[in-house]
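Read the figures in this text as sums done on the coordinates, not as results from a lab. No experiment lies behind these values; they were computed from the predicted model shown. So basically every Cβ, Gly included, is an ideal-geometry build from the backbone, and we count neighbours across all protein chains shown.
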Amino acid sequence: MMNNDNLMEKIISLCKRRGFIFPGSEIYGGLANSYDFGPMGVLLKNNIKQLWWKKFVLDRDDMVGLDAGIIMSTRVWEASGHLKNFNDLLVECKKCHARYRQDDLEKKVCVSCGGKEFTQAQNFNTMFKTNLGPVETAENEVYLRPETAQAMFVDFKAVLDTSRKRLPFGIAQIGKAFRNEITPGNFIFRTREFEQMEIEYFIAEKYWKKHFEQWMEEMKNWIAAVGINENNVKFVDVPDNERAHYSKRTVDVEYKYPFGQKELYGLAYRTDYDLKAHASHSGKDMSYTDPETNEKFVPHVIEPSLGVERTLLAVLLEAYHEEGSDKDKRVVLKLKPALAPYKVAVFPLLKNKPELVKKAREIYDDLRQQFPTAWDDRGNVGKRYYAQDEIGTPYCITVDFDSLEDKKVTVRDRDTMKQERVEIESLPGYLKGNLS
């Protein structure tokens with residue numbers, strides 16, 4: 001990651017310029033802290049989610065997936081404690097009435113007017129309330145989920161009965177969550193609508209410390225897999241008085257953003273709080289019977305929680321590089337190949353030469369059956385290279401007049417800018433070997 005005070009401004013500019021992230025509802029003046037993921041952004045975001053799903057679900061025998069509804073019974077949130085406890089401390093400037101989260105108010109000075117007097121902090125429930133059905137009544141009030149976790153607890157027995165898993169095992173889910181944040185900000189770091197990649201890993205209580213440490217290692221491995229420098233990450237134990245009501249131990253994985261060291265991920269030992277709470281409120285049995293010992297107990301839970309948007313932001317910050325002089329500056333996203341929106345781009349040397357375009361199109365059509373592949377015939381080749389560098393494409397292939405004779409193309413490496421001639425028929429193997 002660059003040591004640059006203006007890095008966030010450069011990332012935001014790049015995201016809009018190259019189609020990663022746009023301001024939400026922009027043609028209507030925008031909606032505060034709302035963002036849309038453009039053509040490049042949705043590819044990068046999906047690649048992050050797919051890599052996570054492969055690593056933590058498809059490649060493991062002890063994990064199953066779930067995709068639950070965003071709206072759940074209000075009784076779920078009563079049982080989980082969210083209606084009572086899911087609060088931030090809100091303070092209001094006495095001068096201009098701007099509102100802030102108490103822990104976000106730096107130096108006790110109002111950002112809007114410079115005022116230094118605030119109201120006494122009060123609880124503000126950050127759940128989004130809405131109405132189910134055509135009649136607005138108290139009985140029809142529901143909430144958009146503030147976390148994906150609760151569905152995994154509510155569906156625990158159904159998953160257990162249908163999957164026939166034995167402890168320890170986990171339920172994984174990727175999905176949207178909503179929090180009516182008092183003071184969102186810092187681009188996509190804190191928004192009211194976001195996406196989570198969460199696991200509820202069910203265990204016997206006596207093994208919780210062992211599993212907690214194992215998941216710490218898994219999170220370190222994930223951080224390396226997406227290209228985040230471990231020197232920019234710190235694992236911080238959350239003090240007793242700051243942990244969530246359900247947690248016996250929580251570790252915040254914090255990242256050194258340009259705007260300060262803030263939470264990237266979280267790892268929590270939720271004990272048996274959630275399953276017991278749902279058993280009590282629903283009257284349903286949430287226990288597990290060990291098939292070997294016949295011991296019956298309510299499982300405890302380790303929860304690794306990873307935000308998609310915060311991952312994407314950290315990945316962009318790490319990948320962003322500037323090279324060369326101001327006159328000939330190259331901006332390049334050195335993304336891990338697995339995350340790059342396109343793995344390869346194909347160019348004809350000149351777009352007004354039909355024989356070059358035809359051959360380049362043949363190669364493009366062949367490669368895109370196996371790799372996410374871009375086509376570009378705009379401007380000169382040098383500008384095309386730089387455009388692909390900015391979106392993180394690892395390899396560019398140029399078809400020239402020699403290609404029609406020697407059946408070879410020029411392949412250019414994003415990071416080193418080195419070029420080499422590769423036989424056309426060898427391209428799939430060449431790319432597979434280098435991209436892996």
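General remarks:
- With N the number of residues in the chain, Rg(Cα) / (2.2 N^0.38 Å) evaluates to 1.14.
- Close amide H pairs (under 5 Å, H built 1.01 Å from N) link Gly115 with Cys110, residues at least 5 positions away or on another chain.
- Vicinal HN-Hα couplings computed from phi for the stretch 86-98 (Karplus, 6.51 cos²θ - 1.76 cosθ + 1.60; Hz; Gly/Pro x): 7, 10, 10, 7, 10, 10, 10, 5, 6, 8, 10, 6, 5
- Sequence-distant contacts, meaning Cα pairs under 8 Å at least 6 residues apart, place the relative contact order of the chain at 13 percent.
- Separation in nanometres of the label points that stand 7 Å from Cα toward Cβ, at His245 and Ile27: 4.5
- Each residue of the stretch 67-77 was assigned a 3J(HN,Hα) from its phi angle through the Karplus curve 6.51 cos²θ - 1.76 cosθ + 1.60 (θ = phi - 60°); the sequence is 9, 9, x, 6, 9, 10, 4, 4, 5, 4, 6 Hz, with glycine and proline shown as x.
- The modelled label-to-label distance for the pair Glu292/Asp366, using points 7 Å beyond Cα in the direction of Cβ, is 5.4 nm.
- Ranking of Val381, Val346, Val154 by count of other Cβ atoms within 10 Å, fewest first: Val381, Val154, Val346
- If you wrap the stretch 342-435 in the convex hull of its Cα atoms and look at it from every side, the mean projected area works out to 5.2 nm².
- Phi angles of the stretch 382-398 translate, via the Karplus equation with coefficients 6.51, -1.76, 1.60 and θ = phi - 60°, into HN-Hα couplings of x, 5, 5, 4, 5, 5, 5, 4, 5, 9, x, 5, x, 9, 10, 10, 10 Hz per residue; Gly and Pro are given as x.
- Among the cysteines of the chain, those whose beta-carbon sits 4.7 Å or more from every other cysteine beta-carbon are Cys15, Cys396.
- By the count of other C-beta atoms within 10 Å, a proxy for reagent exposure, Ser247, Ser305, Ser426, Ser436 are ordered fewest to most as Ser436, Ser426, Ser247, Ser305.
- Cβ charges +1 (Lys, Arg) and -1 (Asp, Glu), total dipole of the chain, debye: 640
- Segment Met417-Met127, extension gain: residue separation times 0.36 nm, minus the distance between their alpha carbons: 99.5 nm
- The Ala225 and Lys353 beta-carbon pair, evaluated with R₀ = 30 Å, returns a calculated FRET efficiency of approximately 0.10.
- Cα lying deepest toward the dipole's positive end in the chain, options Gln150, Ala32, Gln122, charges on Cβ: Ala32
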